[in-house]
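Everything below concerns the one structure shown next.
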Amino acid sequence: MKSLWETDPEVALAVENEALREELSIILIASENYASEAVLQAQASVMTNKYAEGYPGRRYYGGCSYVDTVEKLAINRGKELFGAEHINVQPNAGTAANMAVYFSVLNPGDTILSMNLSHGGHLSHGAMVSFSGKFYKTFFYGVSKETGRIDYDEVEYLAKKYRPKLIIAGASSYSRIIDFKRFKEIADLVGAYFMADIAHIAGLVAAGIHPSPIPYADFVTGTTHKTLRGPRGGFVMCKSKFAKTIDQAVFPGLQGGPLMHVIAAKAVAFKEAMSEKFKKYQYQIVKNAQTLADSLKEKGFKIISEGTDNHLFLVDLTEKDITGKEAEIALDNAGITVNKNVIPYDEKPPTITSGIRIGTPIVTTRGMKEKEMKQIAFFIAKIINNLGEEEVYNEVLEKVKKLCLSFPVYHNQIRKERLDNDLKQIAVRL
Ligand SMILES: *Cc1c(COP(=O)(O)O)cnc(C)c1O
């Protein structure tokens, strides 16, 4: 068969350029990671060819024995990893996993209580622009203005006031431990179902670094591609009594044929996540996030809630008199990738924002530790304090590339001659 380079050089080049970008920039996007070679191999396999509607042992197609093997492995490992009674590994994304929960216990028009999007919640938790806000009536809790932490008394007050059918805990930009036990107590007070969305913190939960919601939640949804460091995808776990309704909600409720190549890669990721090495990795992610936050604080940056317990934090740029958008663009010029992010009580719109979100899963995967975090804090401060100064951008860019070259990731994804040439050119300029 012809290779990708022979068949479609345009796509092949874009893929290679992406590998080079990932190799040569400091990526601080909190929701991204570098999947392992093993995960990439499983995901790029012939299992993409197979139709397997249904579940292992009960499929609508013949020829499913090998895809059954990988889905059973993913299920058994996922259950063991999180200590779950039931897991469905078919959701194509975190949003689909959440949808499966809503479809299994809610009717259109039912009420949800979840975290405010602008305080760190997720679109799929009832934002008006999402199906979840259109189908269900949503009320939101947030963080306190003083502490930047979830106000659990407010959650209880709102739960009693609106009597939701489902309460959701979980966030995309919240840097503190989430008290799942308290959420469960509040849900019980008003007879609501309780769902924990661990999309961001799945790796930390698997490693025992963030307390697990499994003992408390009726449903736990997550993604495999964030801290868990697997393929892009979702999963949903639940108590046994909801197993059947969840499975039916995923298929045929909202998806057709499952992505068996991705499920194979999920099995690999779960296996990797059971290792001691993975635990150490998760521990280092948090240490790195704390070191980076502390170093930025020392340089005069304001951190929402004053710090972090997990893999990410928000920087409030209001006092620096620069917007999140400007910071994102400036840092990008110097090979540092972050995302602009609204901060709680932000006065600027989501397209501009007053903050940036910073996460350490990726830089930790490439082996960076506290020393490098201090360097990165220095780079960030240098750029933001010298906005628009091309010379400073270039100076930092060279240092960023040099740092990246000492922490290689996917060298084998890049053609050898390209790697030699491009990296040599960069090395010469350094
Ligand atoms: C990322 C995320 C999701 C959704 O993940 P997708 O795979 O992008 O659909 C859901 N919930 C939370 C809290 C997230 O951070």
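Here are the numbers for this structure:
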read-out: Residues that are charged (D, E, K, R) and either within 16 Å of the ligand (Cβ to nearest atom) or assigned to a helix (DSSP H, G or I) (or both), drawn from region 213-268; value: 226, 229, 232, 241, 244, 247, 266
read-out: Qualifying residue in region 92-108 (condition: β-branched (Val, Ile, Thr) and within 22 Å of the chain's Cα centre (by Cα)); value: yes
read-out: Qualifying positions in region 237-291 - over 18 Å from residue 35 (Cβ atoms), touching a strand residue (DSSP E or B) at 6+ places or on another chain (Cβ under 9 Å) and aliphatic (A, V, I, L, M); value: 237, 243, 246, 249, 250, 289
read-out: Count - residues of region 180-211 that are within 16 Å of the ligand (Cβ to nearest atom) and either assigned to a loop (DSSP other than H, G, I, E, B) or of a type in the set (D, E, K, R) (or both); value: 6
read-out: Matching residues in region 201-250 - criterion: being crowded, with 24+ Cβ neighbours inside 10 Å, touching an Asp or Glu at 6+ places or on another chain (Cβ under 8 Å) and more than 23 Å from residue 268 (Cβ to Cβ); value: 238
read-out: Residue list for region 145-171, filter: under 18 Å from residue 304 (Cα atoms), loosely packed, with under 15 Cβ neighbours inside 10 Å and free of Cβ contacts under 8 Å to residues at least 24 places away in the same chain; value: 146
read-out: Check on residue 127, within 14 Å of the ligand (Cβ to nearest atom), without any contact (Cβ under 8 Å) to a residue 40 or more places away in the chain and not in a strand (DSSP E or B); value: yes
read-out: Criterion (buried (at least 17 other Cβ atoms within 10 Å of the Cβ) and without any contact (Cβ under 8 Å) to a residue 40 or more places away in the chain) met by exactly one of 391, 347, 319, 328; value: 328
read-out: Residue ID - farthest from residue 163 (Cα to Cα), chosen from residues in region 91-123 that are without any contact (Cβ under 8 Å) to a residue 60 or more places away in the chain and within 9 Å of the ligand (Cβ to nearest atom); value: 123
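Here's the yes/no breakdown for (1) buried (at least 16 other Cβ atoms within 10 Å of the Cβ); (2) at pLDDT 95 or above; (3) assigned to a strand (DSSP E or B); (4) basic (Lys, Arg):
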residue: 69; (1), (2), (3), (4): no, yes, no, no
residue: 87; (1), (2), (3), (4): yes, yes, yes, no
residue: 90; (1), (2), (3), (4): yes, yes, no, no
residue: 95; (1), (2), (3), (4): yes, yes, no, no
residue: 101; (1), (2), (3), (4): yes, yes, no, no
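To keep it simple, each residue is scored yes or no on (1) within 16 Å of the ligand (Cβ to nearest atom); (2) in a loop (DSSP other than H, G, I, E, B); (3) surrounded by 13 or more Cβ atoms within 10 Å (Cβ to Cβ).
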{"position": "2", "(1), (2), (3)": "no, yes, no"}
{"position": "11", "(1), (2), (3)": "no, no, no"}
{"position": "16", "(1), (2), (3)": "no, no, yes"}
{"position": "31", "(1), (2), (3)": "yes, yes, yes"}
{"position": "42", "(1), (2), (3)": "no, no, yes"}
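The values are calculated or read from the model by the stated rules, or taken from the named source; none is laboratory data. Owing to the predicted nature of the structure, the values given are computational and were not obtained by experimental measurement. Here the Cβ is made from the backbone with ideal geometry for all residues, glycine too, and neighbour counts use every protein chain on show.
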